[in-house]
1. Total Lys pairs in the chain closer than 20 Å by alpha-carbon, pairs eight or more apart in sequence or interchain only?
2. Karplus couplings for the stretch 100-117 from phi (6.51 cos²θ - 1.76 cosθ + 1.60, θ = phi - 60°), rounded to Hz, Gly and Pro as x?
3. Percent relative contact order of the chain, based on C-alpha pairs within less than 8 angstrom and at least six residues apart?
4. Using the Cβ atoms and a cut-off under 11 Å, what net charge is assigned to the surroundings of Ala115, where Lys and Arg are +1 and Asp and Glu are -1?
5. Let me check I've understood the local charge: for Ala96, count other residues with C-beta under 10 angstrom from its C-beta, Lys and Arg +1, Asp and Glu -1. What total comes out?
6. Pick from Ile214, Ile106, Ile315: which is most flexible by mean-square fluctuation in a GNM of the chain where alpha carbon atoms under 10 Å apart are linked?
7. Just to be sure I understand, if you calculate Kirkwood radius over Cα pairs in Å for this structure, which of (i) 22.3; (ii) 20.5; (iii) 23.7 do you get?
8. To the nearest 20 Debye, how big is the dipole of the chain about its Cα centre, given +1 on the beta carbon of each Lys and Arg and -1 on that of each Asp and Glu?
Amino acid sequence: MRTPRTDKVSLHDVAKAVGVSVSTVSRALAFPDRTAPATRERILDVAKSLGYHPNIAARNLRLGHPKAILAIMPNHKMTKISTLMTSAQVGIGQQAQELGYTMNVINMDGTEATASHALELVYGHQVSGTIVMAEPPMSVQDRNLLQVGLPVVSLTEDLTHLGIPSVVSSDRQSMMDAVELLADLGHRAFFFISGPPSSYHSRQREAGVRSGLIRRFGTDADLQKYRADFHVDSGVEAARHFLTLSPRPTAVICWADETMVGFQSVVLAAGLSIPEDLSLISFDGLHVLHYTTPPISTFDQNMGQLGAQAARLLIEMIDQGGPAEAKLIEFPAKLVAGRSIAAPPT
């Protein structure tokens, strides 16, 4: 078994160890599907064992890196995700254009074909860096987004533990602020509508609610919770469950605006008044909340601003020659006050 070398390993070293030409090694690393499987596997194994990493900065200096970035957007079957994604995409695109870059966009759909297409752009050096929004770094067969050596920035999820600089909104702190706001009005009984357990944002926002309750009351044991998802229909189901509770909490915090719209429609139809009987506060900042009756208070995470910051960070990394420190940039979400919050009924 080879021991990885501590000095700089070059393509020539890998080619010599495998017994092939330098061009074959280069092709196998950049375009694996254009190399015979057996040869490709030998090259990848030897490159890994020798500790070879492609010098993207040197390549860019030699060839000139493309003035293009890739934005990988999440599956947008849900209206909530689609709306936020559009705002982020506009922010990324405008900032990239101001800095002299173009933007390629790929909307993920859960298929290997789409992920492979994204990796083709990256491995083929048709882009100089990638922004991933609410998506893990993709892998298809023996290719992985993080192995290419090009800069990557995460948008909306903290992936610094993977060595990826990240731009996020203040999910946790905003929910702590929501608890504090409602508690200052006199609320003591809280109901939280969470999202799927797999959702980074749901976990962060629930942690914020619980931390806020503990900070204010010393415990979160009395928090009542319903697990929903991204859809309006799940908010409807959450409301139906809420109406069975006795006594009912007087303050409802929801992890996502679209879900809260469904919740509000049902409790109003059941005869409850908002905010006289029940206070509501949510998160995302969707424009549609201005037109609910009454308008629902929400924390606006300003996805356009987050997208622009992610683009600035990525292009700064590109212009400096490669990956940088995995720092976390957090933007505070802004409370947009509707007319859905008041003191609890006496």
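1. Taking the Cα cut-off of 20 Å, the pair count is 4.
2. Using θ = phi - 60°, the values come out as x, 10, 9, 10, 9, 10, 10, 8, 5, 10, x, 9, 5, 4, 5, 4, 5, 4 Hz.
3. Taking the mean separation of contacting Cα pairs over the length of the chain, I get 19 percent.
4. That sum, taken over residues with Cβ under 11 Å, equals -3.
5. So the environment of Ala96 carries a net charge of +1.
6. Judging by the Gaussian network model, the answer is Ile214.
7. Correct label, based on the coordinates given: (i).
8. Using only the charged Cβ atoms, the result is roughly 920 debye.
The values are calculated or read from the model by the stated rules, or taken from the named source; none is laboratory data. Model, not experiment: these values are computed from the prediction. Ideal geometry is used to build each Cβ from the backbone, glycine not excepted, and the neighbour counts take in all protein chains shown. In case anyone asks, the SASA skips ligands and DNA or RNA and just uses the protein heavy atoms, side chains included. Shrake-Rupley method; radii C 1.70, N 1.55, O 1.52, S 1.80 Å.
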